[in-house]
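Before any comments, here is the structure.
The values are calculated or read from the model by the stated rules, or taken from the named source; none is laboratory data. The model shown is predicted, which means the values in this text are computed figures rather than measured ones. Glycine gets a Cβ as well: all are built from the backbone with ideal geometry, and neighbour counts include every protein chain shown.
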Amino acid sequence: MHTTLGLRIARVHSPFLRHVHRPAVTLAPLLSAARAKATSPSPSHTSPRRAASTASQAKSQPPQSASELVSLSSRLTSPLPVSATLNPPASTRPPPLELPTRDPESSLFGHLFRLGKAYTTFYKTGLYAILTNRRLLSSSTSATPSSLSSTNTNTFPSRADVLLRERVRHDLSRLPIFGILVLICGEFTPLIVLVFPRLTPYTCRIPKQTAALRRSTTARREASFRALRAGSPDAAGLERLAAGHVCRSLGLTSALWDVIGLDSPFAGALARRAVARIAADDAMIRGGGGLGAVVDEEVVLACEDRGIDVRDQPVDRLRSRLQDWLRKTAPEGKVEGDAVAMTAAWKEAQEKVKAMLLEP
């Protein structure tokens with residue numbers, strides 16, 4: 001039996017987020033439902049597979065309920081206790097992919113069969129997670145982005161809610177095409193997605209696909225920095241080139257524009273939106289308990305969102321770099337009080353984020 005769960009709206013008093021005109025949903029029903037399920041003597045839930053919530057089960061079968069998906073985050077290591085307001089559910093990230101190793105004495109057909117079965121389980125779990133995340137988003141008070149325009153209350157959407165909404169929107173927009181691709185290509189899907197890596201939902205990205213995307217984005221970023229250094233622009237010239245560089249370094253536009261030698265006509269709007277989103281995310285991390293409460297996998301994703309190369313980097317090193325980023329982008333002005341001071345601090349934070357994105 002599935003339990004409808006809601007996400008918590010945290011009172012993260014950041015000056016960079018607008019107020020939400022909706023009642024807050026607490027996390028208490030979610031935790032109590034998870035505990036009741038674990039201790040219930042009902043015969044329908046006495047199976048060890050369903051009662052245990054271990055990482056090995058998450059690898060071997062799709063999660064049985066949304067509470068199991070949320071609990072996966074707590075098993076990742078971080079310096080402080082895991083924060084439910086800073087970390088989105090683990091179901092928003094790709095599930096573990098366990099590929100079998102070929103036994104020299106086994107046949108090639110048997111190995112390929114086990115390999116195909118492993119990929120089938122991976123994609124099945126990823127597709128199931130998309131539907132689960134959609135139900136979680138429907139239960140969250142941050143499900144409607146337009147509600148952020150209200151300023152009548154003192155509650156704010158948590159970072160977990162914001163990231164959940166962004167990832168669900170991304171995955172649902174790619175679900176129809178990816179579903180058709182899986183039906184047509186079948187067991188050859190892992191090969192096809194390497195050719196079209198951005199057509200895949202987040203929850204269905206295999207490790208090789210993620211590595212390919214990171215190599216491509218890093219190569220574009222390095223090429224953009226070389227072009228900036230070669231041009232040696234002054235302050236005015238750098239401002240004109242900033243939007244295109246931000247889009248290339250963060251992978252916001254197609255690489256075809258690099259081949260043409262022009263910036264996308266939407267580069268300015270995309271860059272401003274990205275800078276504002278990063279500045280807001282920085283504020284939510286600072287106001288939600290700090291970087292220490294963020295799980296390792298979300299630290300990697302946060303670094304990647306800020307144009308930091310995460311390839312072959314230990315998590316401790318990435319934490320240090322992200323902490324340094326948060327320190328440098330923190331506004332020095334007054335962040336609470338009158339609207340004028342808060343607006344000035346918000347603009348200062350965005351300018352610092354843009355300056356960080358322009359640093360090699």
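Within segment 238-246, does at least one residue satisfy the condition of being surrounded by fewer than 19 Cβ atoms within 10 Å (Cβ to Cβ), touching a Ser or Thr at 6+ places or on another chain (Cβ under 7 Å) and assigned by TED's automatic domain parsing to the domain that holds Gln350?
No, segment 238-246 contains no residue that is surrounded by fewer than 19 Cβ atoms within 10 Å (Cβ to Cβ), touching a Ser or Thr at 6+ places or on another chain (Cβ under 7 Å) and assigned by TED's automatic domain parsing to the domain that holds Gln350.
Any chance you could count how many residues in segment 315-325 are more than 15 Å from Leu301 (Cβ to Cβ) and touching a Leu at 6+ places or on another chain (Cβ under 8 Å)?
1
With respect to Thr210, is the statement that it is assigned to a helix (DSSP H, G or I), among the β-branched types (Val, Ile, Thr), out of contact with any Lys or Arg (no Cβ under 8 Å at 6 or more places or on another chain) and within 23 Å of Thr92 (Cα to Cα) true?
Yes; evaluated as a whole, the condition is true for this residue.
Which residues, taken from segment 182-199, are under 16 Å from Thr121 (Cα atoms) and either in contact with an Asp or Glu (Cβ under 9 Å, 6 or more places away or on another chain) or crowded, with 16+ Cβ neighbours inside 10 Å (or both)?
Once the filter is applied, which keeps residues that are under 16 Å from Thr121 (Cα atoms) and either in contact with an Asp or Glu (Cβ under 9 Å, 6 or more places away or on another chain) or crowded, with 16+ Cβ neighbours inside 10 Å (or both), segment 182-199 yields Val182, Thr189, Pro190.
Which number in (1) under 20 Å from Ser158 (Cβ atoms); (2) touching a helix residue (DSSP H, G or I) at 6+ places or on another chain (Cβ under 8 Å); (3) modelled with pLDDT of 95 or more marks the one condition that Trp325 misses?
(1)
Read through the list (1) over 30 Å from Arg114 (Cα atoms); (2) of a type outside the set (A, V, I, L, M, F, W, C); (3) in the same structural domain as Glu297 (by TED's automatic domain parsing), then give the number of the only condition that Ser173 fails.
(3)
What are the residues in segment 245-278 that are polar (S, T, N, Q) and part of a helix (DSSP H, G or I), if any?
Scanning segment 245-278 gives a single hit, Ser249.
Evaluate segment 230-244: report whether one residue or more is under 21 Å from the mean Cα position of the chain (by Cα) and assigned to a helix (DSSP H, G or I).
No; the residues of segment 230-244 include none that is under 21 Å from the mean Cα position of the chain (by Cα) and assigned to a helix (DSSP H, G or I).
Could you check, for segment 106-126, whether at least one of its residues is modelled with pLDDT under 85, over 22 Å from the mean Cα position of the chain (by Cα) and not in a helix (DSSP H, G or I)?
Yes: one or more hits.
For segment 320-329, which residues satisfy the criterion of being in contact (Cβ under 8 Å) with a residue 24 or more places away in the chain and within 23 Å of Ala211 (Cα to Cα)?
Correct list: Leu322 only.
If the Cβ limit is 8 Å and pairs must be 6+ apart or interchain, which residue in segment 290-319 that is without any contact (Cβ under 8 Å) to a residue 40 or more places away in the chain pairs with which residue that is in a helix (DSSP H, G or I) and of a type in the set (S, T, N, Q)?
Pairs found: Leu291/Gln323.
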